[in-house]
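Below is one structure; the comments refer to it alone.
The values are calculated or read from the model by the stated rules, or taken from the named source; none is laboratory data. Computed from a prediction, not measured in an experiment: that's the story for all the values here. When we count neighbours, we look across all protein chains shown, and the Cβ atoms used for this are built from the backbone with ideal geometry, even at glycine.
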Amino acid sequence: MDRNEIRIHIAAWDERGSKVYREYLVPIDGEMNVLNALEYVHIHLDPSVSYQVSCRRGVCGACLMTIDGKKRLACETEVKDGMKIDPFSDGGNNA
């Protein structure tokens, strides 16, 4: 890993439906948010990585995810080395 790269871990599901984390190296140039890192992974490394996005300004909430165990907006969260990124789940309490 070079100084201008970080490792991120993105949740995925294997053929048995078990959650696994896939590791990706993402180049960093200054400050970068989680959404930018996901876009890089999707475009350059793994087109199976998917996510939602709309306004990119922290207004709509479409990019809400669980990042390092906390509910966060991907467009407002600075990406850091070793982050774990999961889809947001409210545990089925969305009624």
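Let me spell it out: the conditions are (1) part of a helix (DSSP H, G or I); (2) surrounded by fewer than 17 Cβ atoms within 10 Å (Cβ to Cβ), and Arg57 meets all of them except one. Which number is the exception? Of the numbered conditions (1) part of a helix (DSSP H, G or I); (2) surrounded by fewer than 17 Cβ atoms within 10 Å (Cβ to Cβ), the odd one out for Arg57 is (1). The set of residues from the range 39-79 being closer than 20 Å to Ser89 by Cα and among the aromatic types (Phe, Trp, Tyr) comprises just one member, Tyr51. Annotation: of all residues in the range 51-68 being of a type in the set (Ser, Thr, Tyr) and within 9 Å of the chain's Cα centre (by Cα), the one that is nearest to Val26 (Cα to Cα) is Tyr51. The lone criterion from (1) of a type outside the set (Asp, Glu); (2) closer than 22 Å to Asn4 by Cα; (3) without any contact (Cβ under 8 Å) to a residue 24 or more places away in the chain; (4) assigned to a loop (DSSP other than H, G, I, E, B) left unmet by Cys75 is number (3). Scanning the range 1-50 for residues that are surrounded by fewer than 17 Cβ atoms within 10 Å (Cβ to Cβ), part of a helix (DSSP H, G or I) and in contact with a Ser or Thr (Cβ under 8 Å, 6 or more places away or on another chain) yields a single hit, His42. Given the criteria modelled with pLDDT of 95 or more, acidic (Asp, Glu), outside any strand (DSSP E or B) and out of contact with any Asp or Glu (no Cβ under 8 Å at 6 or more places or on another chain), does Asp81 qualify? Criteria met by Asp81.
Would the range 30-39 turn up any residue that is of a type outside the set (D, E, K, R), farther than 22 Å from Ala62 by Cα, at pLDDT 95 or above and out of contact with any Lys or Arg (no Cβ under 8 Å at 6 or more places or on another chain)? No, the range 30-39 contains no residue that is of a type outside the set (D, E, K, R), farther than 22 Å from Ala62 by Cα, at pLDDT 95 or above and out of contact with any Lys or Arg (no Cβ under 8 Å at 6 or more places or on another chain).
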